[in-house]
Amino acid sequence: QVQLVESGGGLVQAGGSLRLSCAASISSIYIMGWFRQAPGKEREFVGAIDWSGGRTNYANSVKGRFTISRDNAKNTVYLQMSSLKPEDTAVYLCAARTGGWSGSDTPYYHYWGQGTQVTVSS
């Protein structure tokens with residue numbers, strides 16, 4: 001059974017930082033993605049990283065503020081979030097997919113975590 005477990009969410013003031021982690025019980029060959037979903041809104045792509053960590057992709061709304069990295073020895077992916085804004089408030093989910101890099105910004109991932117809540121106060 002594939003498991004993805006997110007952690008690191010919480011309450012932070014606008015302008016602050018948080019680092020989310022996603023521990024995976026799967027091989028490092030997967031492309032890993034981060035998504036977020038706010039109440040009443042559709043799930044939104046945040047960013048993705050390939051298996052080697054050498055290629056990343058970000059949504060325009062977070063580009064320059066968020067950074068994805070991975071430690072394959074620990075089967076863990078990180079999402080470093082800086083300059084947080086109230087509109088970043090959402091449940092953040094990590095996901096894993098096989099296949100090519102194309103489509104890594106779509107919701108077509110094979111495995112999903114349960115999510116961790118991030119709340120940014122103004």
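Brief remarks follow.
- Taking the listed residues Ser69, Ser83, Ser21, the one that is of a type in the set (S, T, N, Q) and in a loop (DSSP other than H, G, I, E, B) is Ser83, with no other qualifying.
- When the criteria are applied in full, Ala59 fails the requirement of being under 10 Å from the mean Cα position of the chain (by Cα) and in contact (Cβ under 8 Å) with a residue 40 or more places away in the chain.
- Figure legend. Inter-residue proximity from region 65-76: first residues under 16 Å from Gly54 (Cβ atoms), second residues modelled with pLDDT under 90, beta-carbon distance below 8 Å, spacing 6+ or different chains. Indicated pairs: Ser69/Gly53; Arg70/Ser28; Arg70/Gly53; Asn72/Ser28; Asn72/Trp51; Asn72/Gly53.
- Being charged (D, E, K, R), more than 23 Å from Gln13 (Cβ to Cβ) and either open to solvent by 30 Å² or more (accessible area, probe 1.4 Å) or in a loop (DSSP other than H, G, I, E, B) (or both) is true of Glu42.
- Region 106-122, subset surrounded by fewer than 13 Cβ atoms within 10 Å (Cβ to Cβ) and among the small types (Gly, Ala, Ser), residue modelled with the lowest pLDDT: Ser122
- Residue within region 114-122 that is closer than 16 Å to Glu6 by Cβ, touching a Ser or Thr at 6+ places or on another chain (Cβ under 6 Å) and assigned to a loop (DSSP other than H, G, I, E, B) present: no
- Residue within region 6-18 that is modelled with pLDDT of 95 or more, surrounded by 15 or more Cβ atoms within 10 Å (Cβ to Cβ) and closer than 22 Å to Gly99 by Cα present: no
The values are calculated or read from the model by the stated rules, or taken from the named source; none is laboratory data. Just so it is clear, the structure is predicted and the values come from calculations on it, not from any experiment. All Cβ positions, glycine included, derive from the backbone under ideal geometry; neighbour counts span all protein chains shown. Quick note on the areas: whole protein, heavy atoms, side chains included, nothing else; ligands and nucleic acids left out. Shrake-Rupley method; radii C 1.70, N 1.55, O 1.52, S 1.80 Å.
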